[in-house]
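The values are calculated or read from the model by the stated rules, or taken from the named source; none is laboratory data. A quick note: this is a predicted structure, and the numbers were derived from the prediction, not measured. Cβ placement follows ideal geometry from the backbone for every residue including glycine, while neighbour counts extend to all protein chains displayed. Ligands, DNA and RNA are excluded from the accessible area calculation, which covers all protein heavy atoms including side chains. Shrake-Rupley method; radii C 1.70, N 1.55, O 1.52, S 1.80 Å.
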Amino acid sequence: MKTNRRTFLGAAGFGLTGLCLNTTPASANPPVQAARREAPPSHREGGGNPRDVKINVKLVYYAMINSTTWEGPCVYDDMPTPEEKVVQERQAFARTVASLKDSLSHHAVLLEPAYFEFPENAKPSHEDIRQLDADKDEVDVFFLTGAGSHQELRFASLLAEIYRKPIVPAAHYGRTTAAYLKSIGMEGYPTYVYGDQNKLIGLLRARKAFQQCRMLLVTDIGGALKGPGYMRGSARDFDDLKNRFGIGVAIVSYKELSEARERILQDRKQMQEVEGLTDRIWANARRRHMEKEVFQANVLFYHTIKSLMEKHRCNSYSIECIEFCASRLAQAWKVTPCVSFSLLNAEGYPTACEGEIGCLLAMNLFSSIADKSVYLGNLNPHVPGVCDPEQWVEGADRKQTLFRFGHNVPGLKMLGYNQPDLPYEIRNFVPAKNNAPGWGGSFKVDFTKIEDRILTLGRFNPSTTKLLAAKVELVGMRGFNAERCSTEMHLSVADPKEFHLKTADYGHHYVAVYGDYLQDLAHLGDMLGIEVQLHGVA
């Protein structure tokens, strides 16, 4: 059966193109464009838990409708008529939508799917694709499917050019389309190259959380702006972080910190929250080595920091420990920052000791990829015989202890945010003396009791242009029963001398997360324009 192309398209009611924004197949009536919706609140203005970041997926289905039937090198069997092709494509669109809804990660939101119909060899225009403007500000990534190779390439390039959003092309021609998009400076990601669609969504989500990071830094000295600062080799140019990634910063004085703490002390409702959280933490501890009232001061400090994060719309935090000590506030309040770091970390907010922004940002990436809290610490070569009594994992080769790594800031959700807290004890940081009790609380976790042994360890360099990452194995620990900043993992790493040499370009603080995420970090480096230096990978 032959059909006149002009007659067919006119009867279908599409003109050159047709757009359907319904998730059910269109009837014989012309498709109707959905009403414009207001964009939901965005984390781009700061604040919000990074764990709550979602990827908004827009499915765009491109249907090629033949104007007649023919035979040739691309048609081996009986070709459907144009009318049959319309029905087939709309049914396929409905199935695609249903399948995507069923399989999509819980870290993603499926926006209203869009359906286009074009005749063969059509050249979509900017005007055609502009029909997607309704929710353009919400879209994080377009999933494009249903097209033939040459039509898909043109459609994808226009889509990327207009909206500047990543494109996930259909599987069959995915690599070709992605390669072309990258060649013109756009983003294209064939899902099967990254494992599957949800693996890719996880990477895009980690990048989005990173770009929406806003840091709260408590200091009277000020941050490092295009020159050496107090941040211990950390990121040295906040303007550069903002320009390249969108990362923001709020610098809070010790005066504001003190005033925020005083407001909580004077607010009975907030103090009840402090007392209630203290009770829960205290009750869940395996053992306690300090007075509860003294420990509560650390929970009050956590509440103070969190109130400042909310006020300044921040979702990560650091304070420089030496400056805090020198302010005399730590001694006056009988607190150390350790508990605030661990509690916020367990909730999904990246934190860093000693103003270490290079680690703060690495923690953001690591936690978003792994969906686990992350541990931060000093990394030093191990010298046998100079440490407190050591503990070993079962079957560990003690000669393989090559590095010591740790601070008193274990993440209580290091096996997953949706998993129970790791078993912990509560211990004072500052030893008791002169008949005064010890103070400054911290959590103690026995890492040798955790079945997992493999971790990914890494950090950014001071210019935040490189990320060093290595797979390490835990073989033991020290400091579980000790005061001060004593908790440390004992780690084994491939080619330790070479690894130690590489660390000279990065710094002495690092972060570690349970699991092997080296490949994920390599992909994220490409997405962010960061060089990722993987150690120990053949």
Size of the dipole of the chain about the Cα centre, Lys and Arg at +1 and Asp and Glu at -1 on the beta carbon, nothing else charged, in debye to 20? 780 debye
Accessible-area value, W282, 1.4 Å probe, nucleic acids and ligands omitted, Å²: 40 Å²
Length gained if D495 through R164 is fully extended, taking 0.36 nm per residue and subtracting the Cα-Cα distance, is 115.0 nm
At a 1.4 Å probe, what is the % contribution of carbon and sulfur to the accessible area of the chain? 49 percent
Just name one of I322, G348, V299: the one whose Cα is farthest towards the positive end of the charge dipole of segment 299-352 (beta-carbon charges, Lys/Arg +1, Asp/Glu -1). V299
Residues whose placed amide H lies under 5 Å from that of V252, excluding near-sequence neighbours: L217, V218, T219
Tally Lys and Arg at +1 and Asp and Glu at -1 over the other residues with C-beta under 14 Å from the C-beta of R280: what net charge comes out? -3
Solvent accessible area, Å² - E127, 1.4 Å probe, full protein context: 150 Å²
Kindly provide the helix-only [θ] at 222 nm of the chain, computed as the sum of -39,500 (n - 2.57) over DSSP H runs of four or more divided by all residues, to the nearest 500 deg cm²/dmol? -10500 deg cm²/dmol
Hey, if we sort K101, K54 by accessible area with the 1.4 Å probe, largest down, what's the order? K101, K54
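Give me the accessible area per residue for the chain, probe 1.4 Å, as a whole number in Å².
Result: 44 Å² per residue.
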Helix 518-528 sits at what angle to the longest principal axis of the chain, using alpha carbons and giving 0 to 90 degrees rounded to 10? 70 degrees
Indicate the gyration tensor shape class of segment 325-368 (rounded, prolate or oblate), computed on the Cα atoms with a ≥ b ≥ c the square roots of the eigenvalues: a/c under 1.5 is rounded; otherwise a/b larger than b/c is prolate and the rest oblate. oblate
